[in-house]
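Structure record follows, encoded as structure tokens.
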Amino acid sequence: MVKKKQLSSSLEDYLETIYNLSQEGKVARSRDIAQILGVAPASVSGALKLLANKDLIDYQPYGFIRMTDKGYQLAKTVVERHNIITTFFVNVLGVEKEQAEQVACKAEHTLGPEIISKLLDFTEFSTFYSDKGVDITAEFKKYCRSKGI
């Protein structure tokens, strides 16, 4: 059975931004979220209301935004997906970190849990063999250079 997606990509981005702000020791405010996501303050207000209605955040207009336990768990999952994809792009494929971050932001919403799990497995696999003296990622990078990629 396929599990219905709980949030849109956009709402996941809002939740992820709130999570990241809180992890940096900062309070989440509408204006900070608007600035980080590059959206209008009115868009932020609408999204925050939707997240509050889903019991993912505690939100009052002009106040600080706090995640509920449910929101924290969901945000943590989104951030973990993002980090797995970014790590794969940087450490395995050799993509520059900034580009990997941008692409991971889009991919985290579309790749299912099975693919994310496989990316994590391959990243762990390549790290395991790298620790044993077989650097799979270095060999892949050489291969790409030889093809002009």
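Rule-based calculations on the coordinates, nothing more; no lab input. All values reported here derive from a predicted model rather than from experimental measurement. Reconstructed Cβ throughout: ideal geometry from the backbone, glycine too, with neighbour counts over all protein chains shown.
Amide H to amide H, which residues 5 or more places from ARG66 or on other chains are under 5 Å from it, using H placed in the peptide plane?
ASP58
Determine, for each peptide in 115-126, 6-17, the mean count of other beta carbons within 10 angstrom over its residues, then list the peptides with the highest first.
Answer by packing, highest mean first, reads 6-17, 115-126.
For LYS106 and THR68 in the same chain, what is the full-extension length gain: residue separation times 0.36 nm, less their Cα-Cα distance, in nm?
Working it through step by step, the gained length comes to 11.2 nm.
Show me, for the range 122-137, the HN-Hα J-couplings you get by feeding each phi into the Karplus relation (A = 6.51, B = -1.76, C = 1.60, θ = phi - 60°), rounded to Hz, glycine and proline as x.
5, 4, 5, 4, 5, 5, 4, 6, 4, 5, 9, x, 10, 8, 4, 5
Give me the angle, in degrees from 0 to 90, between the Cα long axis of helix 69-87 and the longest principal axis of the Cα atoms of the chain, rounded to the nearest 10.
Value to nearest ten degrees: 30.
Quick one: compute the contact order of the range 9-67, relative version, from alpha carbon pairs under 8 angstrom and 6+ residues apart, as a percent.
36 percent
In Å³ and rounded to a whole number, note down the convex hull volume per residue for the Cα atoms of the chain. Spell out each step's value before the answer.
On the way: hull volume 20.5 nm³, N = 149.
Hull volume over Cα atoms, normalised by residue count, gives 137 Å³.
What percent do you get for the relative contact order of the chain when only Cα pairs under 8 Å and 6+ apart count?
17 percent
Of all the Cα-Cα pairs you can form in the range 79-146, what percent are over 13 Å apart? Provide the component values of the computation, followed by the final result.
Numbers: 1435 of 2278 pairs.
The proportion of pairs with Cα distances above 13 Å equals 63 percent.
Return the calculated 222 nm mean residue ellipticity for the chain, to the nearest 500 deg cm²/dmol, obtained by summing -39500 (n - 2.57) across DSSP H runs with n ≥ 4 and dividing by the residue count.
-20500 deg cm²/dmol
Within the range 22-75, report the chymotrypsin sites (Phe, Trp or Tyr not before Pro) that DSSP leaves as loop and that have at most 14 other Cβ atoms within 10 Å.
On the way: sites: TYR59, TYR62, PHE64, TYR72; in loops: TYR59, TYR62, PHE64.
Sparse-neighbourhood loop chymotrypsin sites (Phe, Trp or Tyr not before Pro): TYR62, PHE64.
Provide, for q = 0.16 Å⁻¹, the log10 of I(q)/I(0) from a solvent-free Debye sum over equal Cα point scatterers in the range 1-80.
-0.51
Based on the Cβ-Cβ distance of GLN6 and VAL134, what FRET efficiency does E = 1/(1 + (r/R0)^6) give at R0 = 35 Å, to the nearest 0.05?
Details: r = 40 Å, r/R0 = 1.16.
Once the sixth-power term is evaluated, E becomes 0.30.
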